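Below: one structure, written as structure tokens.
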Amino acid sequence: MDCLFCKIVEKRVPCDVVYEDAYAVAFRDIRPVAPTHVLVIPRVHLAAIHHLRDADISTVGHVMLAARNVAHQLGLDSNGYRLVINDGDAAGQSVDHVHVHVLGGRTLMWPPG
Ligand code: AMP
């Protein structure tokens, strides 16, 4: 399988890792849209939210807790931050490996575009 984010998990593609645990890896987005923009991904390959099975609940839960840990570690949780998951083409998902965007460091508008 030719998956960019699997290669990041396997450390075959360089990136700026800010957090790792047994279930998730977090690294800075290469094209940040906020002063802090980190992607949190599961170590296992899950292509998209709409492909998840009930059995993936633990993995996805751990990814969300990892996102919380990243936000805390980077000092975002005092002012607030946003978690975004783009699912599918219309939402702009460009990498077919589930990822949570952690965005912070500025005021974030609502609704998103
Ligand atoms: P999405 O558009 O929601 O699928 O998000 C994919 C994100 O991956 C985009 O924000 C890209 O900037 C980011 N991205 C793509 N390649 C890399 C890379 N090699 N290292 C870090 N971030 C990347």
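I'd like to know which of Ile30, Leu46, His99 lies farthest towards the positive end of the charge dipole of the stretch 4-104, counting +1 on Cβ of Lys and Arg and -1 on Cβ of Asp and Glu.
Looking along the dipole axis, the top candidate is Ile30.
How far, in degrees from 0 to 90, does helix 57-73 lean away from the longest principal axis of the Cα atoms of the chain, to the nearest 10?
30 degrees
Less than 14 Å Cβ to Cβ from Arg28, Lys/Arg counted +1 and Asp/Glu -1: what total charge do the surrounding residues give?
-2
Given charges of +1 on the Cβ of Lys and Arg and -1 on the Cβ of Asp and Glu, with all other atoms neutral, how large is the dipole of the stretch 4-104 about its Cα centre, in debye to the nearest 20?
Once rounded to the nearest 20, the dipole reads 200 debye.
Please identify the cysteines of the chain that lack any partner cysteine with a Cβ under 4.7 Å from their own Cβ.
Cys15 - these cysteines have no disulfide-compatible partner (Cβ-Cβ under 4.7 Å) in the chain.
What are the equivalent ellipsoid semi-axes of the chain, built from the alpha-carbon gyration tensor (square roots of five times its eigenvalues), in whole angstrom, biggest first?
Each semi-axis is √(5λ); the values are 21, 16, 14 Å.
Can you show me the helix-derived [θ] at 222 nm for the chain, built from DSSP H runs with n ≥ 4 at -39,500 (n - 2.57) apiece and divided by the number of residues, rounded to the nearest 500.
-6000 deg cm²/dmol
Using mean Cβ contacts within 10 Å as the protection proxy, how do 50-59, 86-95 order, highest first?
Descending mean neighbour count gives 86-95, 50-59.
Take the Cα atoms of the stretch 34-100, build their convex hull, and give its volume per residue in Å³.
Each residue corresponds to 93 Å³ of Cα convex hull volume.
Values in this text are rule-based calculations from the coordinates and carry no lab data. This structure is a prediction, so every number in the text was calculated from the model and none was measured. Glycine also receives a Cβ, built like all others from the backbone with ideal geometry; neighbour counts cover every protein chain displayed.
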